[in-house]
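One structure is given below, encoded as structure tokens.
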């Protein structure tokens, strides 16, 4: 299986009510981190040897984006317009196209938006985190691209 570069995974955002993510979040983005959170429980049972078993009870899949802000970029402008919103107004439609062809999409929440800041000589910063609000819909790819994809 061939290794693939992270750049082959693509990210898109759009209005929640459209259920379509049409703005590609990629221009001037230099880092995408998987900051997902898993809740687990451990419990031992009498039919085992007393060793606790671990169960994953929930998963919050979160991606953190870092780069330089460009007001002319539609995806960044879309995210920036949410900066002072709260509650339901921070909800978007989020799509990830993995390098193996799988497409994951669904409702998500944007947090930790930053569209400025840093040292005087630097370009304006862009940062945000996007978390799916539930397990995303997964459309399998054709499988000819090696499968897998970017996990962070």
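The values are calculated or read from the model by the stated rules, or taken from the named source; none is laboratory data. Keep in mind the model is a prediction, meaning the values are calculated, not measured. Using ideal geometry, Cβ is built from the backbone for each residue, glycine included, and neighbour counts are taken over all protein chains shown.
Quick notes
- Residue match in the range 119-126 (condition: modelled with pLDDT under 95, crowded, with 17+ Cβ neighbours inside 10 Å and either part of a strand (DSSP E or B) or in contact with a helix residue (DSSP H, G or I) (Cβ under 7 Å, 6 or more places away or on another chain) (or both)): no
- Odd one out for residue 112, checked against (1) over 20 Å from residue 8 (Cβ atoms); (2) in contact with a strand residue (DSSP E or B) (Cβ under 7 Å, 6 or more places away or on another chain); (3) in contact (Cβ under 8 Å) with a residue 40 or more places away in the chain; (4) surrounded by 14 or more Cβ atoms within 10 Å (Cβ to Cβ): (4)
- Residue in the range 38-47 that is modelled with pLDDT under 95 and closer than 18 Å to residue 104 by Cβ present: yes
- Sole residue being surrounded by 11 or more Cβ atoms within 10 Å (Cβ to Cβ), touching a strand residue (DSSP E or B) at 6+ places or on another chain (Cβ under 9 Å), modelled with pLDDT of 95 or more and over 25 Å from residue 133 (Cα atoms), chosen from 69, 63, 23, 11: 69
- Apart from one condition, residue 87 fits all of (1) surrounded by 19 or more Cβ atoms within 10 Å (Cβ to Cβ); (2) within 15 Å of residue 16 (Cα to Cα); the exception is (1).
- Whichever residue in the range 99-117 is within 16 Å of residue 65 (Cα to Cα) and not in a strand (DSSP E or B) and, among such residues, is modelled with the highest pLDDT: 115
- Verdict on residue 75 being more than 18 Å from residue 6 (Cα to Cα) and touching a strand residue (DSSP E or B) at 6+ places or on another chain (Cβ under 7 Å): yes
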